[in-house]
Amino acid sequence: MELPFVPYRIKVVEPVRRVSREERAAALAKAGYNVFGLPSSSIYVDLLTDSGTSAMSDAQWGALVQGDEAYAGSRNYYDFEETIRDIFGYRHVIPTHQGRVAENLLFTTRLDKRSVVPNNIHFDTTRANVEHQGALALDCVIDEGLDPTGEHPFKGDMSLAKLAEAFDRYGDRIPFVMITITNNSGGGQPVSLANIREVSAFCHGRGVPLIFDACRFAENAWFIKRREPGYGDRSIKEIAREIFALGDGCTMSAKKDALVNMGGFLCLNDDDWARDITNLLILIEGFRTYGGLAGRDLAAVAQGLREVLDDDYLTYRIGQVRRMGEQMQARGVPILTPVGGHAVYVDARRLLPHLPQSAFPAQAFTCALYLEGGVRGVEIGSLMFAHADPETGRTVHPAMELVRLAVPRRVYTETHLAYVAEVCGRLRECGERLRGLEIVEEAPVLRHFTARLRPLGGGSLIAD
Ligand code: F0G
């Protein structure tokens, strides 16, 4: 096996405690078979999210000490603005404390109850923020992007036919179009520059701006460099600039590709949009040169953005995720393919065909992964998405039952991830011994965060 080049070494470590199976079983029961209720001190490998979980570099930690905490005009803001302009190219750079605030500011000022926003696939908080304005969030990803097994290289691409249909149907009710890079809800799949160019021409032909949800833009650019003809010799920064030049602004959760634990921003070219948003920002987040962040946080974001453009870093990071996926496949664990940039998605329907969706197979696998190996993933299936049909009252289940194993950036070693693949393999061998779950308690909205469940038929989650 050819060993990968690891573009950093470890300077500070965070000890991890060994937790026994008995302790894990008790913690899981106490959490009501919901991994959001587990304390992180009871977890060995935490793959709940890649958001805000990155390890910062020595240069980022160093930058923190140089924070200029002036209320207005912090020198860190000017560096933040200049760094972002250099990559993203937009005129206005507005800091926020995380991605969903950037979304909320944009949606509050530009949407009303009649509005319709097309996206390849809206991430849950993005969808929730659109719907919070009474507007309609429309997903227009290509059909291949909804098939967990196809090998299309750019499954995040937007369908021009679906977009055209949306414009025919909703016309002037569409204030802007969004593209999420990479497409998190569709498996962390990239969007091609060819597709972005087409969508951009389509939108601009109708006088409608194009806005990127840019959380994982560098990972998306890496896939373009590797997979799209004509980009092999271009740098990640050049590709990123080419992407953003085709749009009119972006929302960004810096908790992903800016390699920080907290932060975000919004970029726009339009002066009127930026003015309205800045006024609202001052009301809810803070002055326009800090937007809910400390000066030192702005410094860490700027430094993180410079680091994330490194091809060696991205090759190792995306390679880590892919290798974990390949090790799972070698053990017969069905996963969504091709493996995306930030996570491996286990296909629980294929893995546990004995469990109907009403028995929450993806949640059962998520819980078993913790019980068996101290590994935390997250369910993206019926617990998150099943809902009652407003007309018939019948339960509508989502098309896919997935367990997302999102890899934090620069945090885990190959050994940790090989271990996760091994635990998944062991669980596959449990087969029908793995029981389904039923809900004991649930909230009316976003129930997956707080619901309490129990194994069907009582007793343990994995039968003896
Ligand atoms: N857009 C995308 C595509 C995201 O993945 C997220 C967050 C957001 C927007 C919101 O950003 O958390 O900074 O407010 N995704 C995290 C995840 C939570 O686990 O995938 P935020």
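The values are calculated or read from the model by the stated rules, or taken from the named source; none is laboratory data. Quantities reported herein were computed from a predicted structural model and do not represent experimental measurements. Using ideal geometry, Cβ is built from the backbone for each residue, glycine included, and neighbour counts are taken over all protein chains shown. Ligands, DNA and RNA are stripped out before the accessible areas are found, and what is left, the full protein with its side chains, is counted by its heavy atoms. Shrake-Rupley method; radii C 1.70, N 1.55, O 1.52, S 1.80 Å.
Looking for whichever is out of contact with any Asp or Glu (no Cβ under 8 Å at 6 or more places or on another chain) and surrounded by fewer than 19 Cβ atoms within 10 Å (Cβ to Cβ) here; the options are G377, G436, G425. Which one fits? So that I can check it myself, show each step before the final result.
Values: G377 fails: surrounded by fewer than 19 Cβ atoms within 10 Å (Cβ to Cβ); G436 fails: surrounded by fewer than 19 Cβ atoms within 10 Å (Cβ to Cβ).
From the options G377, G436, G425, the qualifying one is G425.
Looking at this structure, is R323 closer than 19 Å to G377 by Cβ and modelled with pLDDT under 95? Against the criterion (closer than 19 Å to G377 by Cβ and modelled with pLDDT under 95), R323 does not qualify.
When Y44 is tested against the conditions (1) touching a His at 6+ places or on another chain (Cβ under 9 Å); (2) within 16 Å of the ligand (Cβ to nearest atom), the lone failure is (2).
Yes/no matrix, rows are residues, columns are (1) among the polar types (S, T, N, Q); (2) free of Cβ contacts under 8 Å to residues at least 40 places away in the same chain:
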| position | (1), (2) |
| --- | --- |
| H122 | no, no |
| T126 | yes, no |
| V130 | no, yes |
| C140 | no, yes |
| M178 | no, no |
| G187 | no, no |
| A214 | no, no |
| F217 | no, no |
| E228 | no, no |
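Taken over the range 355-374, the residue count meeting the criterion of being open to solvent by less than 10 Å² (accessible area, probe 1.4 Å) and charged (D, E, K, R) is 0. Within the range 367-404, the set of residues being without any contact (Cβ under 8 Å) to a residue 60 or more places away in the chain and at positive phi comprises just one member, G393.
Scanning the range 434-464 for residues that are closer than 30 Å to F123 by Cβ and in a loop (DSSP other than H, G, I, E, B) yields G436, E442, A443, P444, V445, L446, T450, A451, L461. In the range 332-354, the condition of being touching a residue at least 12 places away in the same chain (Cβ under 8 Å), open to solvent by 10 Å² or more (accessible area, probe 1.4 Å), in contact with a Leu (Cβ under 7 Å, 6 or more places away or on another chain) and closer than 24 Å to S40 by Cα is met by no residue. Residue count for the range 58-69 satisfying the condition of being open to solvent by less than 40 Å² (accessible area, probe 1.4 Å) and over 25 Å from Y8 (Cα atoms): 1.
Just one of the listed residues (R376, R323, R350) is within 16 Å of the ligand (Cβ to nearest atom) and out of contact with any Lys or Arg (no Cβ under 6 Å at 6 or more places or on another chain), and it is R376.
Of the residues that sit in the range 7-22 and are surrounded by 13 or more Cβ atoms within 10 Å (Cβ to Cβ) and touching a helix residue (DSSP H, G or I) at 6+ places or on another chain (Cβ under 7 Å), which one is farthest from Q327 (Cα to Cα)?
Within the range 7-22, the subset surrounded by 13 or more Cβ atoms within 10 Å (Cβ to Cβ) is 7-8, 16, 19.
From what is left, the residues that are touching a helix residue (DSSP H, G or I) at 6+ places or on another chain (Cβ under 7 Å) are 7, 19.
Working: P7: 22, V19: 24 Å.
Among residues in the range 7-22 that are surrounded by 13 or more Cβ atoms within 10 Å (Cβ to Cβ) and touching a helix residue (DSSP H, G or I) at 6+ places or on another chain (Cβ under 7 Å), the one farthest from Q327 (Cα to Cα) is V19.
Beta carbons closer than 7 Å, at least 6 apart along the sequence or on distinct chains, pair a first residue in the range 255-267 that is touching a residue at least 24 places away in the same chain (Cβ under 8 Å) and more than 11 Å from the ligand (Cβ to nearest atom) with a second that is in a loop (DSSP other than H, G, I, E, B) and of a type in the set (S, T, Y) for L259/S54; C267/Y90.
Let's see how each residue does on (1) closer than 30 Å to L64 by Cβ; (2) more than 16 Å from the ligand (Cβ to nearest atom); (3) in a helix (DSSP H, G or I):
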position: F212; (1), (2), (3): yes, no, no
position: E219; (1), (2), (3): yes, no, yes
position: F223; (1), (2), (3): no, no, yes
position: R226; (1), (2), (3): no, yes, yes
position: P229; (1), (2), (3): no, yes, no
position: D233; (1), (2), (3): no, yes, no
position: I239; (1), (2), (3): yes, yes, yes
position: I243; (1), (2), (3): yes, no, yes
position: G247; (1), (2), (3): no, no, no
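Taking the options V177, V191, V208, name whichever one is more than 20 Å from E238 (Cβ to Cβ), buried (at least 24 other Cβ atoms within 10 Å of the Cβ) and more than 10 Å from the ligand (Cβ to nearest atom).
Numbers: V191 fails: more than 20 Å from E238 (Cβ to Cβ); V208 fails: buried (at least 24 other Cβ atoms within 10 Å of the Cβ).
Result of the check over V177, V191, V208: V177.
Entry remark, the range 100-114: residues being open to solvent by 10 Å² or more (accessible area, probe 1.4 Å) and either touching a Gly at 6+ places or on another chain (Cβ under 7 Å) or away from the ligand (no atom under 12 Å from the Cβ) (or both) number 8 in total. Evaluating V130 against the criteria (1) more than 10 Å from the ligand (Cβ to nearest atom); (2) open to solvent by 10 Å² or more (accessible area, probe 1.4 Å) leaves one unmet condition, (2). Summed over the range 380-408, the residues that are open to solvent by less than 10 Å² (accessible area, probe 1.4 Å), touching a helix residue (DSSP H, G or I) at 6+ places or on another chain (Cβ under 6 Å) and closer than 25 Å to N261 by Cβ give a count of 2.
Scanning the range 288-329 for residues that are in a helix (DSSP H, G or I) and of a type in the set (K, R), which turns out surrounded by the fewest Cβ atoms within 10 Å (Cβ to Cβ)? The extreme case among them is R322.
Here P444 meets each of (1) surrounded by fewer than 20 Cβ atoms within 10 Å (Cβ to Cβ); (2) modelled with pLDDT of 95 or more; (3) more than 30 Å from E144 (Cα to Cα) with one exception, condition (2).
Being part of a helix (DSSP H, G or I), hydrophobic (A, V, I, L, M, F, W, C) and either open to solvent by less than 40 Å² (accessible area, probe 1.4 Å) or without any contact (Cβ under 8 Å) to a residue 40 or more places away in the chain (or both): is that true of F36 here? Step through it out loud before you land on a result.
On the way: part of a helix (DSSP H, G or I): yes; hydrophobic (A, V, I, L, M, F, W, C): yes; either open to solvent by less than 40 Å² (accessible area, probe 1.4 Å) or without any contact (Cβ under 8 Å) to a residue 40 or more places away in the chain (or both): no.
Considered against the rule, which asks whether it is part of a helix (DSSP H, G or I), hydrophobic (A, V, I, L, M, F, W, C) and either open to solvent by less than 40 Å² (accessible area, probe 1.4 Å) or without any contact (Cβ under 8 Å) to a residue 40 or more places away in the chain (or both), F36 comes out as no.
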